[in-house]
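The values are calculated or read from the model by the stated rules, or taken from the named source; none is laboratory data. It should be emphasised that the depicted structure is a prediction, and the values quoted were computed from it without experimental measurement. Using ideal geometry, Cβ is built from the backbone for each residue, glycine included, and neighbour counts are taken over all protein chains shown.
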Amino acid sequence: MEFLQLAISAFLILVVAGVAAALYPNKLKLVAENVEKDYKRFNPAASLGLPLISKMADAAIVPVTSPLEQLGIVTQLGDRLVCRTLSPADGYKIERDGESLVIRLADFTQPTIKMTFDTETMEKVMALFAAHVPITNYWQKKEANNAS
């Protein structure tokens, strides 16, 4: 009897969550002005360039012109924004596949960030990452452990 109650409860929770998602969809789309404002609250000492917004308007790369060697990322998770600053000392790795970019972080809270950019914006993003080379020791150790 307990399993049946658990199954029915889980099913009804999923139904209620589905109805709520249909009635109250997340309409938040990132625009450059809001990305700058939100990132500036997270990193008030930073001087920022023009944010590069993804095609889906759910993520952005923020060029940080000062202090040097920083790169900002703003992502939308549900109805919240997550801002982070990458420095070369951070363990991360980027993978590009056409218009898609995957950033793998050495962070359990958000280990992977996936973004899609148009061709012109992707070239600008890749130029930012080319100038911002991370220390890759973390990924070299992880890949070596996976190989053995």
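Does segment 41-87 hold any residues that are within 11 Å of the chain's Cα centre (by Cα), within 16 Å of LYS124 (Cα to Cα) and among the aliphatic types (A, V, I, L, M), and which are they?
Those that are within 11 Å of the chain's Cα centre (by Cα), within 16 Å of LYS124 (Cα to Cα) and among the aliphatic types (A, V, I, L, M): ALA59, ALA60, ILE61, ILE73.
Would you mind telling me which numbered condition in (1) touching a Ser or Thr at 6+ places or on another chain (Cβ under 9 Å); (2) touching a residue at least 40 places away in the same chain (Cβ under 8 Å); (3) buried (at least 17 other Cβ atoms within 10 Å of the Cβ) GLN76 fails?
(1)
Return the only residue of GLY72, GLY18 being more than 20 Å from LEU128 (Cα to Cα) and not in a loop (DSSP other than H, G, I, E, B).
The match here is GLY18.
Based on this model, can you work out whether THR119 counts as polar (S, T, N, Q) and touching a residue at least 12 places away in the same chain (Cβ under 8 Å)?
yes
Which of the following residues is among the small types (Gly, Ala, Ser), within 18 Å of ALA131 (Cβ to Cβ) and buried (at least 16 other Cβ atoms within 10 Å of the Cβ): ALA89, ALA46?
ALA46
Take the residues of segment 4-32 that are of a type outside the set (A, V, I, L, M, F, W, C) and at pLDDT 90 or above: which is nearest to THR85 (Cα to Cα)?
GLY18
Any idea which of VAL64, VAL35 is among the β-branched types (Val, Ile, Thr), free of Cβ contacts under 8 Å to residues at least 40 places away in the same chain, surrounded by 10 or more Cβ atoms within 10 Å (Cβ to Cβ) and outside any strand (DSSP E or B)?
Matching residue, one of VAL64, VAL35: VAL35.
How about segment 38-61: which of its residues are touching a residue at least 40 places away in the same chain (Cβ under 8 Å) and in a strand (DSSP E or B)?
Result: LEU52, ILE53, ALA59, ILE61.
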